[in-house]
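The values are calculated or read from the model by the stated rules, or taken from the named source; none is laboratory data. No experiment lies behind these values; they were computed from the predicted model shown. Because the Cβ atoms are built from the backbone with ideal geometry, glycine has one as well, and the counts that use them run over all protein chains shown. The accessibility values were calculated without ligands, DNA or RNA, using every heavy atom of the protein model including side chains. Shrake-Rupley method; radii C 1.70, N 1.55, O 1.52, S 1.80 Å.
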Amino acid sequence: MKLVPLSAKQLDFIDGSTARINIAEGAVRSAKTFSTNIRWLEYVREGPPGDLFMVGKTRASLRRNVLNDLFDLLGAKRFHWTNKQEGELNLCGRRVYVVGANDERAEEKIRGATIAGAYCDEASLYPESFWMQLQARASIAGAQIFANTNPDSPFHWLYKGFIDNDELKALGIVKTWHFTLDDNPALTKEYKDSLKAIYSGIWYDRMILGLWVMAEGRVYDMFEESKHVVAKLPAMRRYWATADYGTSNAAVILLLGEGTDDRLYVCREYRWDSHEKGRRLTDAQLSADYRRWIGTTLPLRVFIDPSAASFIQQLYYDGVKGIRHADNAVVDGIQEVSTLLGEDRLRIHASCEGLIQEMGLYVWDAKAQERGEDAPLKKNDHGPDALRYGVRGLRNVWRRWVANVKEAA
């Protein structure tokens with residue numbers, strides 16, 4: 001493996017992260033995590049005695065982003081699980097607890113703990129209650145916290161309360177480092193150019209420029225009918241269906257196809273809007289409609305709104321195969337749809353009039369932004385929700401079409 005000298009920003013973070021709370025924030029692939037890993041290993045060896053914690057949005061994301069790299073670097077002798085089920089590992093002879101912080105109940109995982117130090121990966125994805133509980137529990141003399149994060153809304157609690165808090169910085173409690181792509185010496189110009197081509201709009205500002213900016217206006221501001229809507233479909237290799245369930249609201253089902261040109265196509269659309277039709281459909285009626293609509297096409301999977309338990313049961317009863325509960329990670333799904341649109345790897349057939357209209361009307365919720373949350377307005381969202389379920393469920397299909405998406409995630 002070729003060794004690359006550390007950048008000035010990496011060295012400054014590793015040598016200068018001496019505050020109680022140290023945060024590396026900025027662009028994707030800008031060496032934030034690598035720098036935090038190196039600094040954390042120093043702290044594990046030299047920090048005060050006591051229990052250590054490593055935190056991710058989930059244990060799985062922490063394992064993928066951090067733990068696997070540490071294991072490769074250290075080997076089994078210096079890194080091994082002592083109780084994997086309970087999330088306890090031995091890191092260079094120190095006991096470390098691994099926890100996920102993906103909802104408000106996460107703070108219960110560290111209540112009562114006395115913490116000598118913590119590593120926080122993707123810190124902006126935690127609930128504020130967990131972060132504040134962590135500050136209280138890191139009570140051993142000399143305890144430090146090392147965190148990394150990509151940008152979010154400028155109203156986000158982490159940005160307002162810590163990253164942009166001059167008072168805490170003046171007191172020496174918080175230190176922050178802003179990383180850009182140029183702070184990662186391992187990246188080639190070609191790779192950086194490919195990343196810049198992937199993102200657009202708000203995602204470019206955040207992921208490439210590393211800016212804490214608001215999500216304003218249209219969610220899919222890169223969507224262009226002249227570019228993304230087609231009158232003719234290419235040959236398809238295989239199909240999937242994806243559904244946003246509604247009774248009082250519209251129910252939308254989309255047929256997605258993998259084109260022989262390595263693009264994802266929305267081939268056709270089913271839509272039942274009870275407001276427009278003047279009556280609701282039962283789950284049995286909706287299931288019958290779906291089976292008539294899909295005809296002889298055999299989707300490999302059917303991704304369905306995870307809240308649609310009764311409809312899912314009806315489809316099972318009616319013999320529909322390949323049903324999967326959709327992943328409802330809203331912002332992640334929106335980013336992935338945006339990536340495909342930006343790379344011209346997602347197109348919609350002109351017959352899908354409802355979805356096409358909603359793609360232009362789907363907007364961010366300004367009130368949610370003021371709370372520091374990225375959330376679309378719950379209006380004109382049925383087609384986009386169904387599309388998001390499908391795109392998120394098919395990541396393993398389309399990632400190979402989009403340059404360096406896996407590495408940039």
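Our analysis of segment 199-282 gives Rg over Rh at 1.09, with the two radii drawn from alpha carbon positions and Rh computed by the Kirkwood formula.
Evaluate E = 1/(1 + (r/R0)^6) for HIS80 and GLU128, where r is the Cβ-Cβ distance and R0 equals 22 Å; express this FRET efficiency to the nearest 0.05. Spell out each step's value before the answer.
Values: r = 33 Å, r/R0 = 1.51.
It comes out at approximately 0.10.
Accessible surface area normalised per residue over the chain is 46 Å², counting heavy atoms of protein chains with a 1.4 Å rolling probe.
Are there any GluC sites (Glu not before Pro) in segment 195-272 that are in a DSSP loop and have at most 16 other Cβ atoms within 10 Å? List them by number. The partial results should precede the final answer.
Details: sites: GLU216, GLU224, GLU225, GLU258, GLU269; in loops: GLU216, GLU224.
In loop regions of segment 195-272 (DSSP not H, G, I, E or B), the sparsely surrounded GluC sites (Glu not before Pro) are GLU216, GLU224.
Surface composition of segment 323-409: carbon plus sulfur atoms hold 44% of the accessible area, using a 1.4 angstrom probe and ignoring ligands, DNA and RNA. When the P(r) of segment 251-341 is calculated, the portion above 16 Å amounts to 62% of the C-alpha pairs. Extent of segment 13-74 along its three principal axes (Cα atoms, max minus min coordinate, largest first): 27, 25, 22 Å. Pairs LYS277/LYS378; LYS196/LYS379; LYS169/LYS192; LYS109/LYS367; LYS32/LYS109: which are spaced more than 29 Å apart, C-alpha to C-alpha? Over 29 Å Cα-Cα: LYS196/LYS379; LYS169/LYS192; LYS109/LYS367. Each label was represented as a point 7 Å from its Cα along the Cα-to-Cβ direction; for VAL330 and ALA231 these points are 3.8 nm apart.
Projection of the Cα convex hull of the chain, averaged over all directions and equal to a quarter of that hull's surface, yields 22.0 nm².
Can you tell me the length gained on complete extension of the stretch SER310 to LYS367, counting 0.36 nm per residue apart and subtracting the Cα distance?
17.3 nm
Checking every one of the trypsin sites (Lys or Arg not before Pro) in segment 169-257 against DSSP loop status and a limit of 15 other Cβ atoms within 10 Å picks out LYS232. Mean sequence separation of contacting Cα pairs (under 8 Å, at least six apart), scaled by the length of segment 14-107, corresponds to a relative contact order of 27 percent. If R₀ is 45 angstrom, what is the calculated FRET efficiency for the pair SER274 and ASP103, using the beta carbon separation as r and rounding to 0.05? According to the calculation, E is roughly 0.90. For the chain, the mean residue ellipticity at 222 nm estimated from helices alone is -9000 deg cm²/dmol, where every DSSP H run of n ≥ 4 contributes -39500 (n - 2.57) and the total is divided by all residues, rounded to the nearest 500.
So, by mean Cβ neighbours within 10 angstrom, what's the order for 29-39, 102-112 with the highest one leading?
Order by mean packing, descending: 29-39, 102-112.
Relative to the 2.2 N^0.38 Å rule of thumb, segment 63-185 has a C-alpha radius of gyration ratio of 1.14. Average 1/r across all pairs of distinct alpha carbons in segment 1-118, invert it, and you get the Kirkwood radius: 15.3 Å.
How many percent of all Cα-Cα pairs in segment 302-353 sit more than 15 Å apart? Value for segment 302-353 (Cα pairs over 15 Å): 63 percent.
Taking 0.36 nm per residue of separation and subtracting the current Cα-Cα distance, fully stretching the chain between THR297 and ARG111 would add 61.7 nm. For segment 10-50, what % of the accessible area comes from carbon and sulfur atoms, probe 1.4 Å? For segment 10-50, the apolar C and S fraction of the accessible surface comes to 51 percent.
For segment 263-304 and segment 104-179, what is the centre-to-centre distance using only Cα atoms, to the nearest Å? A separation of 45 Å, based on Cα centres.
When both bridge partners sit in the chain, DSSP labels roughly 40% of those beta bridges antiparallel. When the chain is modelled as a GNM with alpha-carbon springs shorter than 10 Å, which of GLY210, GLY354, GLY342 fluctuates the most? Answer for the Gaussian network model of the chain: GLY354.
GNM remark for the chain: springs join alpha carbons under 10 Å apart, and the peak mean-square fluctuation among GLN85, GLN369, GLN285 falls on GLN85.
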